[in-house]
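Here is the structure we will look at.
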Amino acid sequence: MRTEERQRAIAEILRQRSQVTVDELTEACQASGATIRRDLEVLAGHGVLRRIHGGAQSLIGRGENPGYGQRELEDQDVKKRIAAAVAALLRPREHVWLDSGSTATEVARQLAGRELTLMPMSLQALNAAVAGETAGTRPALLLPGGGLIPGELCLRGPLAESNIRSLRFDTAVVTPCAVDSKDGLLAHDLEDAAVKKAGLESAGRVVVAAAASKWHAQARVLVSGLERVDVLVTDKVFSAEERVHLDEYSVEVVSV
C-alpha cells in the first residue's frame, strides 16, 4: 500500500473499532511495525486517533466528533466530484460564501483560478483557494475575522457572524455536519450552526454540498430546514419517496 492508502485504511479500521494494536495493523496493511508506528504518529497529529501503548484508540469510539484530519481522509473521491459540481454552478464574478470543513476545502481548491469573490470560513479553504497562485486570475478573498478553532482552523464567534451578515452574497455553499430529511441541515455545535445560519441567510442562493454519509449522521444543532435550500449536490441515491419530499421544497438535486 502507498502511504495515503495505508493511513486511510487505518482510519477506516478505527471507525469500526474502539482501539487496535500495532500488530493487528501490520497484518491488515501488510507493512512493518515501524511503518505503522510512523503512520499512527502522523494520524494522531492530525486528530484522527489517539496513540496508546502498543496501538491506537478511536476518538469516535470515545464519543468525540471526528476531527478534521479524520474527515479529510474519508470519501475523498466523492468530495472531489461534489466540489467539481459545485464549482460548475458558480458564475464568473459571483460573490460566494464558503463554509468550513473538508468538503469546503475541496470546493475552494476547485475555485483557485476563478474570477469571483470568496469568503472562506477556514484557513484550509483559504490556503486551497490560493494554492499554486500565479499572476493569472484568482478569487478575490474576504476574511470574516472571529476566533480560530484549533484543529479545525475554522473561524467562529460573534465577530465572524456580524461580518458575514454585513454583506450580501450571490451564493452560499453550505457543508452541513449532517442532513435529515425531516429536520434539514444540522451542525455539531452552536457556534458552527450560528456561522452556517449567518452564511445562508446572507445569500440569494443556497447550495448544499453533502456526501451520502451525511444523511442521518449524528449532529444535534439545527441550522435550517430544507425549504431554505436551492440546490443539493450529493452522491446519495434517493428513493422515490425521498424525491417527492425534496420536490415539495423545490430543491434541485445535482447527482455526482
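Derivation of every value follows stated rules applied to the coordinates shown; laboratory data play no part. These numbers were taken from a predicted model, which means no experiment stands behind them. A quick note on method: Cβ atoms are made from the backbone with ideal geometry, for glycine too, and the neighbour counts reach across all protein chains shown.
Quick notes on this structure:
- Magnitude of the charge dipole, the chain, Cβ model with Lys/Arg +1 and Asp/Glu -1, debye to 20: 460
- Nearby aspartates and glutamates by direct alpha-carbon distance to K236 (threshold 16 angstrom, same-chain neighbours under 8 apart not counted): E74, D75, D77, D180, D247, E252
- Among the DSSP helices (H) of the chain, those spanning at least 15 angstrom by Cα along their long axis with an average Kyte-Doolittle hydropathy of -1.0 or more are 33-45, 76-89, 190-201; this is a geometric and hydropathy rule only.
- Computed per residue of the chain from DSSP H runs no shorter than four, each worth -39500 (n - 2.57), the mean residue ellipticity at 222 nm is -12000 deg cm²/dmol.
- D183, D192 arranged by Cβ crowding within 10 Å, fewest neighbours leading: D183, D192
- Cα gyration tensor, the chain - rounded (a/c under 1.5), prolate or oblate: prolate
- Trypsin sites (Lys or Arg not before Pro) within segment 139-226: DSSP coil, no more than 14 neighbouring Cβ in 10 Å: R168, K182, R220
- Prolate/oblate/rounded label for segment 167-256 (Cα gyration tensor, a/c 1.5): oblate
- Relative contact order [Cα under 8 Å, 6+ residues apart], the chain, whole percent: 14
- For trypsin sites (Lys or Arg not before Pro), the sites in segment 91-151 that DSSP calls loop and that have at most 12 other Cβ atoms within 10 Å are R93.
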